[in-house]
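Before any comments, here is the structure.
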Amino acid sequence: MMLLESLGGFSTFALVVLVFAFFLIMKVVKSVPQGEEWTIERFGRYIATLRPGLNLIIPFVDRVGSKISMRENVLNVPSQDVITRDNAMVRVDGVIFFQVLDAAKAAYEVTNLELAVTNLTVTNIRTVMGAMDLDELLSNREKINASLLHVVDDATTPWGLKVTRVEIKDITPPKDLVDAMARQMKAEREKRAAILEAEGHRQAEILRAEGEKRALVLKAEGEKEAAFRHAEARERLADAEGIATERVSKAIAHGNVQAINYFVAQKYVEALKDIATSNNQKTVFLPLEATSLIGAIGGIAEIARESFKTPAQEKPTKKTNV
């Protein structure tokens, strides 16, 4: 009976020792997850920073002060009203990305790190955007983001932070200002359209004038070439007629009367053709029968023969004085 009581007491003691040992191990061994760092305080004073993995501390003397996330954090910047340099009020919101580089500074240099970063960003948004005109504000977001990043990053460096990006999400002007901007944009687009249309008409007129000028030049060149060709043709025709006349004259001079018959008959037929095709209404009496035509040609040939007789062929008449 006493043995059982002693065994029961030993079991209870062992159980207590086991529980105490487990509790002691939990106090001594700290497992830090990846992406976090823990600060260790001894009697309320910071002494070290635990890295990810298993770490040992002195139980009942050391304790975990703060658990700091070393991953990149995102904070939404609440909407706020900003008055620009030209007294236009706009509503602005944004987002900020930052990462803790020094866990001890982030834990002990500032109280409520996220609230401090948010308020610092809001203040600098008003400062940076308030120094710009509305048009510059709406068209230079990259410049605004770069200015905010530079200012906020410098201000948070003592807190062990690295601000990676500051982005302005929305810039909302008042409704009346939006309507005025829409009317201005519409007027500007109509102005550009009118300018482009006028420029198109101008180019069309220039091209049309150049085309007409080119057509006139080509027409003048064509007329010049035609006149040159016509003059050349007339010159060659005159040369041909001169040669023909010369040859007929030589034939007649050598006593060949048939040559002049051919020449006169050709001109006679051409004259009849011109009279027949004339638009004037005339009545002409001509020997149109073949025999009459041949007779007329023969008569002309006889006249020509008489005209071309040499003085040697004529019988001289002597006048005798009594």
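The values are calculated or read from the model by the stated rules, or taken from the named source; none is laboratory data. These figures come from a predicted structure and were not determined experimentally. A quick note on method: Cβ atoms are made from the backbone with ideal geometry, for glycine too, and the neighbour counts reach across all protein chains shown. Ligands, DNA and RNA are excluded from the accessible area calculation, which covers all protein heavy atoms including side chains. Shrake-Rupley method; radii C 1.70, N 1.55, O 1.52, S 1.80 Å.
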Seminar exercise, completed: Restricting attention to the range 144-163, the residues that are surrounded by 17 or more Cβ atoms within 10 Å (Cβ to Cβ) and in contact (Cβ under 8 Å) with a residue 60 or more places away in the chain number exactly 3
Problem set entry | Pair list, Cβ under 7 Å, 6 or more apart: the range 77-90 residue assigned to a loop (DSSP other than H, G, I, E, B), other residue open to solvent by 10 Å² or more (accessible area, probe 1.4 Å) and of a type in the set (Gly, Ala, Ser) | THR84/GLY130; ARG85/GLY130; ARG85/ALA131
Exercise. In the range 101-117, which residues are of a type in the set (A, V, I, L, M) and under 18 Å from GLU41 (Cβ atoms)?
Worked result: ALA103, ALA104, ALA106, ALA107, VAL110, LEU113
Exercise. Within the range 53-78, which residues are open to solvent by 60 Å² or more (accessible area, probe 1.4 Å) and within 60 Å of the chain's Cα centre (by Cα)?
Worked result: LYS67, ARG71, GLU72, VAL74, ASN76, PRO78
For this session: Give the number of residues within the range 9-56 that are over 18 Å from ALA103 (Cα atoms) and aliphatic (A, V, I, L, M).
Result: 13
Exercise. Failed condition for VAL110, given (1) over 30 Å from ASN145 (Cα atoms); (2) open to solvent by less than 30 Å² (accessible area, probe 1.4 Å), with all others met?
Worked result: (1)
For this session: Filter the range 18-32 for residues that are open to solvent by less than 60 Å² (accessible area, probe 1.4 Å) and either closer than 17 Å to SER66 by Cβ or touching a residue at least 40 places away in the same chain (Cβ under 8 Å) (or both) and give the result.
Result: LYS30, VAL32
Exercise. So ARG141 clears everything in (1) under 15 Å from VAL77 (Cβ atoms); (2) more than 27 Å from the chain's Cα centre (by Cα); (3) open to solvent by 50 Å² or more (accessible area, probe 1.4 Å) except one condition, right? Which one?
Worked result: (2)
For this session: Please verify whether the range 164-180 includes one or more residues that are in a helix (DSSP H, G or I), open to solvent by less than 50 Å² (accessible area, probe 1.4 Å) and of a type in the set (D, E, K, R).
Result: no
